[in-house]
Amino acid sequence: MSALNIKKGSTSHSAYDLRDSHSQVEESHTLAIIVENEPGVLARVIGLFSGRGYNIDSLTVAEVDHTGHRSRITIVTSGTPAVIDQIEAQLGRIVSVYEVHDLTAEGPAVQRELALFKVAGKGDARIEALRLAEIFRANVVDSTLESFIFEMTGTPEKIDAFADLMRPLGLREIARTGVAALSRGA
Amino acid sequence: MTKQMTGARMVVQALKDQGVDVVFGYPGGAVLPIYDEIFQQNDIRHILVRHEQGAVHMAEGYARSTGKPGVVLVTSGPGATNAVTGLVDALMDSIPLVVLSGQVPTFMIGTDGFQEADTVGITRPCTKHNWLVKDTAKLSETIHQAFHVATSGRPGPVLIDIPKDVQFATATYTPMEKTRLQHYQPRTKGDPEAILRLVEMMETAERPILYTGGGVVNSGPAASALLRDLVAETDFPITSTLMGLGSYPASGKNWLGMLGMHGLYEANLAMHGCDLMINIGARFDDRITGRVKDFSPHSRKAHIDIDPSSINKVIRVDVPIVGDVTEVLREVLRLWKERGARTNKAGLEKWWKQIAEWRAVDCLAFKNSDKTIKPQYALQRLEALTKGMDRYITTEVGQHQMWAAQFLGFEDPNRWMTSGGLGTMGYGLPASIGVQVAHPEALVINVAGEASWLMNMQEMGTAMQFRAPVKQFILNNERLGMVRQWQELLHGERYSHSWSESLPDFVKLAEAFGCKGIKCSDPRDLDDAIMEMIRYDGPVIFDCLVEKHENCFPMIPSGKPHNEMLLGEADTQGVIGAKGAVLV
């Protein structure tokens, strides 16, 4: 967060960057990394994070351009502004990395995650789970007499909130995809 | 022209097209087809090493002394894993290498086959980039790309893993000019606005200092020439890291000597007290900065580096300039001259007076002896007796390395080969052979400690076989000197395993290898012995028995800032706290 509580909307290289680069406060940043889709490229990226002691809070990866052999890796990481800048620079020097975007610093971005919840229960708990799922706009994608699987897409916070509500109602398993993100606008 | 050929022939063809004249290597099952091709040609010389680590260090010595990439060929499994230390060494010191490793055939990968190792997995963090080539049609292009990646931007080692069936199969050769060089085109031109800011600072600075590093050497001879121009025109003082020695001549009047943990008093205090620090191709390594919080507290800092990740990694700077040293310095000089070539003359005059006071401390002074050879004295004599010769120096790692950096003077870049970042004991002997192979007529001396030297001494066999008349100048204190020094200062003089109770007779060892051995223990005999070493036409192992308990000073203890240097034994009592002791 900026020291002046000014909305983030600038890169670290902009003259309008008001982030305090000496800040010791940890920030969460979402990075979009466009890479050559070749064997080992994911290992290069995550090896960089583990080797240099950076955090990975969430990671998704898939090919996004079949003819151009491009994959997009979305990583949610956390660190002080200096560490975030360093992560960006270190990613940028991997030979198979084409572009690195700090979506958190570059402007507003849409973040979405898909999650599946298996909830088992009977009676009132089962009805309550179904009712809450409706409120959260989760879909039922599998059901037995004793269980549901809910599918939900949303921000990580929304998924966390739903998981918290399901826990006392018989939550058995969660599968999450990790965050996919795009910057807003054209 | 499209040419069909086997993968093995492609390797040799691609190396020829890249202008490679020598390969350091060791054969094995998974590279036999390539060795078969090497056998059938005479353009590329193959230097058979005794251990793959030696091959990589030789290639480093070759690369550092020529500016060209070094090439290594090793087999799969142990061949590749033995090369790992050398790869990391080259990565840390930004030395361009192309390492080719054999691999089990593609259909056997993953079956734990004989001499199979996950070479690309193991070397991924040890290289700038690596490739596993599974299709012969892509092999030649990959090799050309590998040379591009190794030598452009911040140089470094790359590795190509080539399965044996890919070497046997036939495909079309892609020549260099048809190779797609991917998107990898690092930025070399500095930002004009940042350059302008630096020039403005240069015009007003009262206490400027140029802090140069290995990036000047890597940028090529033009960078050194521009640096010399810059110093001559501005009259700024200049210091250098271990890796950058020779970019500015040691005989130059503005030379303050090396900086850092065992750097000179005047260099470190000038770094601490400056008001403008211009970092040119160095990376604020922890051996340089000491305690980061107190590093050069009153200066504005500019940093010229081709690697954006070096900037603000350790020390926040005011003016970052991403670019190649040659291009940036050319622009800085041009702009500074265009604006009237101004400096703060009054400020500089005061600054030089201050520096003269620091110089007067004579921090390299040591107590000489007429009974035992002091290591510093041995290097002073080596310097005096080889000055002006066509000389290249390599070193191992430890006290002798620091003394060599302090007491030997380098007038040109590419004359000093040492393991700086990784600190690899065992580097110097093979590196000296690599240098000698590149410069057959030159005097190549490896300044060594006996412990480091033993780590790769098998390479004397290589020196003999290929008639590389390298001189192994071993400062033998029968101790792991630097470890011993730290144990004395930090661990209550408990000398845990820092000496060897069983050392070989180095003269007999020399005889066993078929080269010349010289032993010297009396300072009065030293000059004659050194001359005998220089004059001998062939490899020499020089066993110089030196004072066993000499400590290397000056020293900035771990966790201390530059202005808290130790100048000699008297300064050492209780200086390193518990916090410093945990640092390396």
- Restricting attention to segment B:94-120, the residues that are surrounded by 22 or more Cβ atoms within 10 Å (Cβ to Cβ) and in contact with a Ser or Thr (Cβ under 7 Å, 6 or more places away or on another chain) number exactly 6
- Task: Looking at (1) away from chain A (no Cβ under 14 Å); (2) surrounded by fewer than 24 Cβ atoms within 10 Å (Cβ to Cβ); (3) within 30 Å of A:Val97 (Cβ to Cβ), find the lone condition where B:Ile44 falls short.
- Result: (3)
- Just for helices (runs of 4 or more DSSP H) wholly inside segment B:140-228: which have at least 1 residues that are farther than 30 Å from A:Glu36 by Cα and either more than 21 Å from the chain's Cα centre (by Cα) or not assigned by TED's automatic domain parsing to the domain that holds B:Val322 (or both)? B:192-204
- When you scan segment A:45-63, how many residues do you find that are farther than 18 Å from A:Ala115 by Cα, away from every other protein chain (no Cβ under 11 Å) and in contact (Cβ under 8 Å) with a residue 24 or more places away in the chain? 4
- Message: I'm trying to understand the selection: among the residues of segment B:115-130, which are more than 9 Å from every other protein chain (Cβ to nearest Cβ) and outside any loop (DSSP other than H, G, I, E, B)?
- Response: B:Thr119, B:Ile122, B:Thr123, B:Cys126
- Message: For segment A:69-111, give me each residue that is within 11 Å of chain B (Cβ to nearest Cβ), in a helix (DSSP H, G or I) and of a type in the set (Asp, Glu).
- Response: A:Asp85, A:Glu88
- Item | From A:Gly107, A:Gly79, residue being out of contact with any helix residue (DSSP H, G or I) (no Cβ under 6 Å at 6 or more places or on another chain), more than 30 Å from A:Ile149 (Cα to Cα) and at pLDDT 95 or above | A:Gly79
- Message: When the residues of segment B:285-315 are narrowed to those that are buried (at least 18 other Cβ atoms within 10 Å of the Cβ) and among the aliphatic types (A, V, I, L, M), which ends up nearest to the other protein chains (Cβ to nearest Cβ)?
- Response: B:Ile311
- Task: Scan B:Trp352, B:Trp358 and give me the residue that is part of a helix (DSSP H, G or I), touching a helix residue (DSSP H, G or I) at 6+ places or on another chain (Cβ under 7 Å) and not basic (Lys, Arg).
- Result: B:Trp358
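Condition check ((1) outside the structural domain of A:Pro168 (by TED's automatic domain parsing); (2) touching a strand residue (DSSP E or B) at 6+ places or on another chain (Cβ under 6 Å); (3) farther than 22 Å from B:Asp307 by Cα) across all residues:
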{"position": "A:Leu91", "(1), (2), (3)": "yes, yes, no"}
{"position": "A:Val95", "(1), (2), (3)": "yes, yes, no"}
{"position": "A:Tyr98", "(1), (2), (3)": "yes, yes, no"}
{"position": "A:His101", "(1), (2), (3)": "yes, yes, no"}
{"position": "A:Phe117", "(1), (2), (3)": "no, yes, yes"}
{"position": "A:Lys122", "(1), (2), (3)": "no, no, yes"}
{"position": "A:Ala129", "(1), (2), (3)": "no, yes, yes"}
- Query: Out of all the residues in segment B:229-276, which are in a helix (DSSP H, G or I), β-branched (Val, Ile, Thr) and touching a residue at least 40 places away in the same chain (Cβ under 8 Å)?
  - Reply: B:Thr234
- Message: Being farther than 17 Å from B:Ala512 by Cα and not β-branched (Val, Ile, Thr) is the filter here; which residues of segment B:456-484 pass it?
- Response: B:Phe473, B:Leu475, B:Asn476, B:Asn477, B:Glu478, B:Arg479, B:Leu480, B:Gly481, B:Met482, B:Arg484
- Query: In segment A:112-131, is there at least one residue being free of Cβ contacts under 8 Å to residues at least 60 places away in the same chain, in contact with a Lys or Arg (Cβ under 9 Å, 6 or more places away or on another chain), surrounded by fewer than 19 Cβ atoms within 10 Å (Cβ to Cβ) and under 28 Å from A:Gly185 (Cβ atoms)?
  - Reply: no
- Matching residues in segment B:368-424 - criterion: being assigned to a loop (DSSP other than H, G, I, E, B) and farther than 23 Å from B:Arg287 by Cβ: B:Asn368, B:Ser369, B:Asp370, B:Lys371, B:Thr372, B:Lys374, B:Lys387, B:Gly388, B:Met389, B:Asp390, B:Glu411, B:Asp412
- Query: When the residues of segment A:23-53 are filtered to those that are touching a Leu at 6+ places or on another chain (Cβ under 9 Å) and buried (at least 19 other Cβ atoms within 10 Å of the Cβ), which remaining residue is farthest from A:Val97 (Cα to Cα)?
  - Reply: A:His29
- Note on the structure: The correct count of residues that are charged (D, E, K, R) and within 14 Å of another protein chain (Cβ to nearest Cβ) in segment B:131-180 is 7
- When residues of segment B:186-202 are limited to those that are in contact with a Gly (Cβ under 8 Å, 6 or more places away or on another chain) and of a type outside the set (Val, Ile, Thr), the one nearest to the other protein chains (Cβ to nearest Cβ): B:Pro186
- Looking at segment B:344-359, is at least one residue closer than 30 Å to B:Gln185 by Cβ, surrounded by fewer than 17 Cβ atoms within 10 Å (Cβ to Cβ) and either free of Cβ contacts under 8 Å to residues at least 12 places away in the same chain or within 14 Å of chain A (Cβ to nearest Cβ) (or both)? no
- Would you say A:Asp57 is more than 25 Å from B:His183 (Cα to Cα) and of a type in the set (D, E, K, R)? yes
- Task: Consider B:Lys253 carefully, then state whether it is of a type outside the set (A, V, I, L, M, F, W, C), closer than 22 Å to B:Glu233 by Cβ and out of contact with any Ser or Thr (no Cβ under 9 Å at 6 or more places or on another chain).
- Result: yes
- Would you pick out the residues in segment B:337-349 that are out of contact with any Lys or Arg (no Cβ under 8 Å at 6 or more places or on another chain) and not aliphatic (A, V, I, L, M)? B:Lys337, B:Glu338, B:Arg339, B:Gly340, B:Arg342, B:Thr343, B:Asn344, B:Lys345, B:Glu349
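The values are calculated or read from the model by the stated rules, or taken from the named source; none is laboratory data. Predicted model, so just to flag it, every value in this text is computed and none were measured. So basically every Cβ, Gly included, is an ideal-geometry build from the backbone, and we count neighbours across all protein chains shown.
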